[in-house]
Amino acid sequence: MIWYIWAILGVFAIVFEIATPTFFAIFLGLGFFGSALISYFVQDSLILQIMVALLGMFVGAFVFKKRRIADVPSSKIGQSDEFIGVGGKVIETISPEIKGRVRLDIPVLGSSEWDAKNIADTTLEKGVLIEIVAIHGHYLDVHSK
């Protein structure tokens, strides 16, 4: 196989890696570049080229899995999901049609008071204890505890 075909495949794999956060396509690209080198220096070696490409892929997959690159747990710090379940108290009545206001036990994204909407079709009176179900930018979805 002509060496530059392997090199083009390697470039496509690297570009694909840049476009996705997988850290796996880079190993495909390295295998393809290895095959391009073999093809450049050793003519008529298609089987060897394919074996080098596969070896690069398998070594990459082994390193990828061994180091547990894909198994790193993501942190919720700094994301709004980390605040789901935070409690608080209604300070302005929340009806099914109209948002009210709540004061939270701990500040959420820099503020202790938020506009809130009840996820149930009931009215939450002032003083009722609530819990955050979701955060939608500038208001919270809550339900009574």
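The values are calculated or read from the model by the stated rules, or taken from the named source; none is laboratory data. Just so we're clear, the structure is a prediction, and the values are computed from it rather than from any experiment. When we count neighbours, we look across all protein chains shown, and the Cβ atoms used for this are built from the backbone with ideal geometry, even at glycine.
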Original post:
Restricting to region 90-105, what's the tally of residues that are among the charged types (D, E, K, R), closer than 16 Å to A120 by Cα and surrounded by 14 or more Cβ atoms within 10 Å (Cβ to Cβ)?
Top reply: 2
Original post:
How about region 121-138: which of its residues are modelled with pLDDT under 90 and under 15 Å from I106 (Cα atoms)?
Top reply: I135
Original post:
Residues of region 15-32 being part of a helix (DSSP H, G or I) and not acidic (D, E), which ones?
Top reply: V15, F16, I18, A19, A25, I26, F27, L28, G29, L30, G31, F32
**OP:** Go through region 39-65 and count every residue that is surrounded by 14 or more Cβ atoms within 10 Å (Cβ to Cβ), in contact with a Leu (Cβ under 7 Å, 6 or more places away or on another chain) and either at pLDDT 90 or above or farther than 11 Å from W6 by Cβ (or both).
**Re:** 2
**OP:** Scan region 107-123 residue by residue and report those that are hydrophobic (A, V, I, L, M, F, W, C) and either farther than 14 Å from L140 by Cα or part of a loop (DSSP other than H, G, I, E, B) (or both).
**Re:** L109, I119, A120
Original post:
So, in region 113-145, of the ones that are among the small types (G, A, S), touching a residue at least 12 places away in the same chain (Cβ under 8 Å) and over 13 Å from G85 (Cα atoms), which residue ends up surrounded by the fewest Cβ atoms within 10 Å (Cβ to Cβ)?
Top reply: G127
